[in-house]
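Participant: The structure under discussion is supplied below as structure tokens; questions concerning it will follow.
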Amino acid sequence: MKPFSAFAAPGDWFRGNCHTHTTLSDGSEAPAATAALYRKKGYDFLVLTDHHNACEDVKAFSAKDFLVIRGVEMHPPAQSGGFAHHFIALGVKDKPPKRFLKTAASAIRWGKKQGALVFYCHPYWTGHGRAHLEEGSEALGVEVYNTTCDVHRGLGYSEVHWDHVLSDGWRWRALAVDDTHNYRADGFGGWIMVKAGQLTPRSILSAIKKGWFYATQGPEIHDLSMSDGAIELKCSPVEEVVWHANGPCGSRAIAEAGKAIEHARFEPKNPQATYLRLMIRDAKGRKAWSNPIWRNSKTGRWEE
Ligand SMILES: [Zn+2]
Ligand SMILES: [Zn+2]
């Protein structure tokens, strides 16, 4: 039995929201008040991602048990037409100079030069299709769920966008985020659980970069492991377990009436399955998503 590395790695699980607006752009609360709200709700970390603006004094809002990380949201125009791109960069040193905001590629390049982790935001809400996603293909991943896009437009779930690019071999991971503007309406709906050694920007960001996290609206993934070509799951009680793979190569299980699923197993036998990811849904309709694993085309083995 080989646990996925996030579950085998030493350290603790930290809960965090990676997409947050404050009065430094169009959010309703000041950075200090926003940090205090998330801390009170039991979060361990928060990334402030104001539109083209980076909070200078994030350390002032951090404490021993609560970390604030400096980020930004960037909006370069889409060359494929329609609405502009939105990207969040987690862990920036500064705000982006205008000359880097001309294309998706230049904005992502700037983020990477900063040592930041860049994610493609809410493609469903932005009305983006495949050509747009390709402009942002150098990002690390996508927001599979965005609370504010769900609450205000019913466009919060970008699961299909994610599956499309995974089917083509992209190694994209996915975040659930709030994109908080006014926490009363759009706070505390989606977050990530990160397995990290310490609650520091370096440790949290390096764990996210390695994929040692899962996205959730509430359900907990307790363990994911692999043995003899089968994936095994242990989780908090849920009603539905979906193993997503290329097109029809996955599988779905629904709990019997009045019962819940806390263990599941799937053996991806179809040779056309090149990626596999897990989605679970609890009785309240809340979902959680694992990061994908990919089949090595040479060895046939599954890898993170
Ligand atoms: Zn946005
Ligand atoms: Zn935003």
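Participant: Going by the structure shown, is Leu101 touching a helix residue (DSSP H, G or I) at 6+ places or on another chain (Cβ under 9 Å), among the aliphatic types (A, V, I, L, M) and surrounded by fewer than 24 Cβ atoms within 10 Å (Cβ to Cβ)?
Facilitator: The answer is yes for Leu101.
Participant: Next question, about the same structure. Considering only residues that are within 20 Å of the chain's Cα centre (by Cα) and under 12 Å from Glu135 (Cα atoms), look in segment 85-104 and name the one that is farthest from ligand 1 (Cβ to nearest atom).
Facilitator: Ala104
Participant: For segment 125-160, give me each residue that is within 14 Å of Asp178 (Cβ to Cβ), charged (D, E, K, R) and in a helix (DSSP H, G or I).
Facilitator: Within segment 125-160, Asp150 is the sole residue that qualifies.
Participant: Turning to a different aspect of this structure: Out of the residues in segment 117-146 that are within 13 Å of ligand 2 (Cβ to nearest atom) and surrounded by fewer than 24 Cβ atoms within 10 Å (Cβ to Cβ), which is farthest from Val242 (Cα to Cα)?
Facilitator: If we take residues in segment 117-146 being within 13 Å of ligand 2 (Cβ to nearest atom) and surrounded by fewer than 24 Cβ atoms within 10 Å (Cβ to Cβ), then Thr126 is farthest from Val242 (Cα to Cα).
Participant: For segment 26-76, name all the residues that are outside any strand (DSSP E or B), over 20 Å from the mean Cα position of the chain (by Cα) and under 22 Å from Gly115 (Cβ atoms).
Facilitator: Hits for segment 26-76 are Pro31, His52, Ala54, Cys55, Glu56, Asp57, Val58, Lys59, Ala60, Phe61, Ser62, Pro76.
Participant: Any residue in segment 64-93 that is under 18 Å from Lys209 (Cα atoms) and without any contact (Cβ under 8 Å) to a residue 60 or more places away in the chain sitting within a Cβ distance under 7 Å of a residue that is away from ligand 2 (no atom under 13 Å from the Cβ) and of a type in the set (Ser, Thr, Tyr)? List the pairs, counting only those 6 or more apart or interchain.
Facilitator: As it stands, the answer is Val68/Ser62, since those pairs meet every condition given.
Results for (1) more than 16 Å from ligand 2 (Cβ to nearest atom); (2) polar (S, T, N, Q); (3) in contact with a helix residue (DSSP H, G or I) (Cβ under 6 Å, 6 or more places away or on another chain), shown as yes or no for each residue.
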position: Arg15; (1), (2), (3): yes, no, no
position: His52; (1), (2), (3): no, no, no
position: Asp57; (1), (2), (3): yes, no, no
position: Arg70; (1), (2), (3): no, no, yes
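Participant: Considering only residues that are outside any strand (DSSP E or B) and under 16 Å from the mean Cα position of the chain (by Cα), which ones fall in segment 161-186?
Facilitator: Matches in segment 161-186: His161, Trp162, Asp163, Val165, Leu166, Trp170, Arg171, Trp172, Asp178, Asp179.
All of the numbers you see were taken from the coordinates with simple rules; none came from a lab. As the structure is a prediction and not an experimental result, all values here were calculated from the model. When we count neighbours, we look across all protein chains shown, and the Cβ atoms used for this are built from the backbone with ideal geometry, even at glycine.
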